[in-house]
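Here's the structure we're looking at; comments come further down.
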Amino acid sequence: MWKPQQGNQLAAWTAHWCDELFYGGARGGGKSGLKIGIQEDGALAYGNAWRGIMFRKTFPELEELQARAMEVFPGEGAVFKMQSSADYPFSSCWYWPNGATVKMRYIEAEKDYGRYHGHQYTGISFDEVTEYATPFGLLKMLSTLRSPHGVPCRVRLTGNPGGIGHVWVKARYVVHGAYRPYLDPESGFQRMWVPSKLSDNRILNNKDPGYRGRILAATGGNDALRRAWLEGDWDIVAGAFFDNITPAIYLPAWNPPKHWTRYRSMDWGSARPFSVGWWAIADDDHWLKFKDGTEQMIPRGSIVRYREWYGCKDGEPNVGLKLDAENVARGIKSRESGEKIDEQLSVADPSMWKEDGGPSIAERMAKALPEFGGPRFRPADNSRVPGWQQMRARINGEDGRPWLYVTADCEHWRRTVPACQHDKNRIEDIDTDGEDHAADDTRYACMARPISRVPKPRELSGPKPFTLDWVMQKG
């Protein structure tokens, strides 16, 4: 029978009262063992009233989890059946002598939930949950969590920092703090995060002392990857597309000088969030003084994102508000409070100009406030790779000073853009399955103000050319 190790694995194991527990962090923390052990514990404790199910994103990815299960489950008499029969009604399922069952399954796309609609389970496990772009699979499966026999039902998930689902996993579990139960006000579910730590896995460390060194070597000197894989740091995004983002781009809440040119950028969304960013262009080198006495210089030509409106549902990352064009237009204008916006420079998602049997979204927005005039944009340059290159160049800036800044008022930019991942098939592009809406509107803003790197002039020593001192020196 599987037994938990002392430390965080034991803490996660004993939290039977917790409806939904995420055990995530460093690699090698014993995450797969915990899921196997929890399913076995339920099977032995509740017999034929226990209906378990274990998920990976794709069926082939179940192989490693299945291999671990084969080391544990047969010890208590469980057998695995690939095909269903009269005695074993479920395929790809573990059966215990007492009648308990645990299915091995996958959910890759939202349509896959249809295979489980109407089922009932007492124990649901998701392995490597950060591989999911959204929590759709988890949320749909919550509807199947029930027991007519009074068995305490539970959900257990594991994962590492990074991946396409880093943002929603962090928002759902990690932000509430380790070991701190969070009561979901809508569902009444208790949720909690327990960090997984390599140091807690004494069995692995004793039997394979070289494991840590191999993980370190696999990071290839990438500090973000090292901190994510070895330390389970959720503030570092492993595999981030914008791995050049540093604290230098972040400013406190701040309203730029009124005389700076201001413009908007917008990525349209309805079922998915829309994202509107307001930008100001520094007309000269500008020094900011902070309350702690420090100063920061914003170079001339930099753009500052000083406000945003991100149209997502509270607590549901990557789910849009489904507002119509007119309401979005009114919301944009109400947030500008009469400030002067350069609408010749303002840009938006080109899809807003598509006509489908009626006025386009852009036209409807422009006419939404006839007495004042609705917000106007021009179609953005939607070149993806050049746009990301422009954005990356602005983040890099020059001499340690970025050419793109984001204030504290732009929480969704800070939440989503640093977590954007590379597209699996096109490494120079972003994975569009993730929450990329603020990144897209920023790309439009950068393409509206493209930059070209100009080599700095060579600094000459001695007198300034063509001055009297220079002429005398030449003579």
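The values are calculated or read from the model by the stated rules, or taken from the named source; none is laboratory data. A quick note: this is a predicted structure, and the numbers were derived from the prediction, not measured. Note that each Cβ is placed from the backbone with ideal geometry, even for glycine, and that neighbours are counted across all protein chains shown. For the accessible areas, the whole protein counts, side chains as well, though only heavy atoms, and no ligand, DNA or RNA atoms are used. Shrake-Rupley method; radii C 1.70, N 1.55, O 1.52, S 1.80 Å.
Bridge orientation summary for the chain: considering DSSP beta bridges with both residues in this region, about 45 percent are antiparallel.
Globularity index of region 269-395 is 1.23 (Cα radius of gyration / 2.2 N^0.38 Å, N = number of residues). Ranking ARG392, ARG212 from most to least accessible surface, computed with a 1.4 Å probe over the protein chains only, gives ARG212, ARG392. Report the calculated FRET efficiency for PHE80 and ALA45 (r = Cβ-Cβ distance, R0 = 30 Å), to the nearest 0.05. Using R0 = 30 Å, I get an efficiency of 0.90. Karplus-derived 3J(HN,Hα) values for region 113-121, using 6.51 cos²θ - 1.76 cosθ + 1.60 with θ = phi - 60°, are 4, x, 5, 10, 4, x, 6, 9, 9 Hz; glycine and proline are entered as x. Only alpha carbons enter this Debye calculation for region 1-155, each as an equal point scatterer, and the log10 of I(q)/I(0) it gives at q = 0.12, 0.15, 0.19 Å⁻¹ is -0.47, -0.77, -1.32.
Per residue, the solvent-accessible area of region 37-191 (1.4 Å probe, heavy atoms of protein chains only, all protein chains present) comes to 43 Å².
Equivalent ellipsoid of region 333-384: semi-axes from √(5λ) of the C-alpha gyration tensor, largest first, are 20, 16, 7 Å.
Each listed q (0.19, 0.21 Å⁻¹) maps to a log10 I(q)/I(0) for region 149-300 from the Debye sum over equal C-alpha point scatterers, namely -1.24, -1.31.
Which whole number in µm²/s is D for the chain by Stokes-Einstein, with the Kirkwood Rh taken over Cα pairs at 25 °C and 0.890 mPa s? The estimated diffusion coefficient comes to 97 µm²/s.
Taking 56 Å as R0, compute the FRET efficiency from the Cβ-Cβ separation of ASP399 and GLN6 and round it to 0.05. The computed FRET efficiency comes out at 0.65.
Sparse packing (at most 11 other Cβ atoms within 10 Å of the Cβ) combined with a DSSP loop state is found for the following chymotrypsin sites (Phe, Trp or Tyr not before Pro) in region 258-363: PHE290.
Can you pull the Kirkwood radius for region 318-460, inverse mean 1/r over Cα pairs, to one decimal in Å?
That comes to 17.3 Å for region 318-460.
Of interest is the spacing of the C-alpha centroids, which for region 279-336 and region 1-67 amounts to 42 Å. Give the calculated FRET efficiency between LYS140 and ILE427 to the nearest 0.05, with a Förster radius of 25 Å applied to their Cβ-Cβ distance. The formula returns an efficiency of 0.20 here. Rounded to the nearest 500, the 222 nm mean residue ellipticity of the chain from helices alone is -7500 deg cm²/dmol, with -39,500 (n - 2.57) taken per DSSP H run of at least 4 residues.
DSSP finds beta bridges in region 163-282, and of those with both partners inside it, around 90 percent are antiparallel. Treating each Cα of region 261-343 as one equal point scatterer and applying the Debye formula with no solvent, the log10 of I(q)/I(0) at q = 0.14, 0.18, 0.21, 0.24 Å⁻¹ comes out as -0.62, -0.84, -0.96, -1.09.
Across the options TYR106, GLY150, ALA282, the greatest Cα extent toward the positive end of the charge dipole of the chain (unit charges at beta carbon of Lys, Arg, Asp, Glu) belongs to ALA282. Pairs exceeding 31 Å between alpha-carbon atoms, taken from LYS291/LYS313; LYS289/LYS322; LYS31/LYS322; LYS140/LYS333; LYS111/LYS322: LYS291/LYS313; LYS289/LYS322; LYS31/LYS322; LYS140/LYS333.
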